[in-house]
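Bear in mind that the values in this text are calculations on the coordinates, not laboratory data. The structure presented is a predicted model; accordingly, all values stated were derived computationally and were not measured. Glycine gets a Cβ as well: all are built from the backbone with ideal geometry, and neighbour counts include every protein chain shown.
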Amino acid sequence: MNTKNTKVVTDQKLFFNMASAKELIRPFDQFLMEYVNRQQYDCFDWLSDTKTLLDYGCGNAESVDVLLEKHPKERFKIIGVDIAEEAVKHAQKRYPQFSFFTIKNNTIPQIKNASMEGAYMIHVLHHAEGHQEIFDTIASKLKPGGKFFLNDLTSQNPFISLGRFFFTKLPGSVQQKFSDDLVVDGQIPDKYRIDIPTIVKQLKKAGFTVEKVGYGHLFFFLFTWVDRFIPLSKFPRIRSLYRLLINLENTLLQYSFFQKYAEVVYIRAIKL
């Protein structure tokens with residue numbers, strides 16, 4: 001496949017192998033990072049009483065970075081799996097104390113069934129097919145009562161969809177500002193829409209009980225985009241305005257109408 005003239009890469013394995021060599025750079029200060037990753041922080045707190053953790057779709061282990069920001073690494077035994085061989089190599093190099101494996105066909109032969117206390121999957125579903133197989137596999141690796149959370153992008157937010165459409169038409173100097181956001185040389189991976197009710201049904205079919213479905217981000221991503229070019233969040237008055245906007249967004253997301261357009265969804269589930 002010729003990727004030089006391709007703006008949207010449909011081969012997910014190819015793209016994530018390309019992305020594995022990227023330098024991991026934080027584009028925002030801690031204030032914005034806390035909000036951007038808020039759902040992940042909350043879900044990792046929920047998993048903090050588990051010892052053995054499965055990181056499904058580990059990539060370069062960026063999710064491990066988020067986990068260990070607030071929890072000591074000595075607490076966990078993490079096993080990460082991914083389809084991209086180069087990403088797995090980078091993850092193993094970054095965290096030699098944990099184990100990372102390349103997998104195929106949504107199966108994990110390297111892990112015994114009913115051996116893990118917890119599992120998580122972050123931003124995988126909108127790049128993957130065969131969701132039922134994925135959930136069945138994760139359920140098979142968890143002990144009864146094992147915890148599982150997924151955090152993903154729905155691709156149903158009109159602002160994000162519009163921005164993604166125009167992104168491929170922007171000059172390279174602008175695209176480079178999004179190097180953290182799955183962009184490699186101006187190329188982005190293909191995305192699939194996620195239907196949340198279907199995901200809930202599939203989780204239940206796999207043997208989970210769904211404890212909570214939560215939503216995040218309506219319009220605040222727009223301000224993080226601006227902050228890449230003009231770091232307004234450094235100014236106290238702007239930061240105060242951002243807090244008001246965050247509160248507004250969180251209030252709106254309590255209503256089902258706005259939940260339909262949330263860009264982020266997270267689901268907490270427990271294996272029966």
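From the phi angles alone, apply the Karplus equation (6.51, -1.76, 1.60; θ = phi - 60°) to segment 7-16 and give each ³J(HN,Hα) in whole Hz, x where the residue is Gly or Pro.
7, 10, 8, 8, 7, 5, 4, 4, 4, 6
Net charge near ALA269, counting Lys/Arg +1 and Asp/Glu -1 over other residues with Cβ under 11 Å of its Cβ?
Net charge around ALA269: +4.
Over the chain, what is the relative contact order in percent, taking alpha-carbon pairs closer than 8 angstrom and at least six residues apart?
23 percent
Take each of the peptides 68-75, 265-272, average the number of other beta-carbon atoms within 10 Å over its residues, and list them starting from the highest.
Listed from highest to lowest mean packing, they are 265-272, 68-75.
Please work out whether segment 1-154 counts as rounded, prolate or oblate from its C-alpha gyration tensor, where a ≥ b ≥ c are the square roots of the eigenvalues and a/c under 1.5 means rounded, while otherwise a/b larger than b/c means prolate and anything else oblate?
oblate
For every helix of n ≥ 4 consecutive DSSP H residues, a contribution of -39,500 (n - 2.57) applies; sum these over the chain, divide by its total residues, and give [θ] at 222 nm rounded to the nearest 500 deg cm²/dmol.
-11500 deg cm²/dmol, from helical runs alone.
Under the Karplus relation 6.51 cos²θ - 1.76 cosθ + 1.60, θ = phi - 60°, what is the ordered set of whole-Hz ³J(HN,Hα) values for segment 191-204, x standing for Gly and Pro?
Along segment 191-204, the couplings run 10, 10, 6, 10, 9, 5, x, 5, 4, 4, 4, 5, 4, 5 Hz.
When a/c reaches 1.5 or more, the comparison of a/b and b/c decides; with that in mind, is segment 104-168 rounded, prolate or oblate per its Cα gyration tensor?
prolate
Kindly provide the pair-distance distribution of segment 8-271 built from C-alpha pairs, with 10 Å bins from 0 and whole-percent values in order of increasing distance.
6, 29, 38, 22, 4, 0
May I ask you to order 242-250, 39-47 by the average number of other C-beta atoms within 10 Å around their residues, highest value first?
Highest mean packing first, the order is 39-47, 242-250.
Tell me, what HN-Hα J-couplings in whole Hz come from the Karplus equation 6.51 cos²θ - 1.76 cosθ + 1.60 at θ = phi - 60° for each residue of segment 104-112, using x for Gly and Pro?
Using θ = phi - 60°, the values come out as 9, 6, 6, 10, 10, x, 6, 10, 5 Hz.
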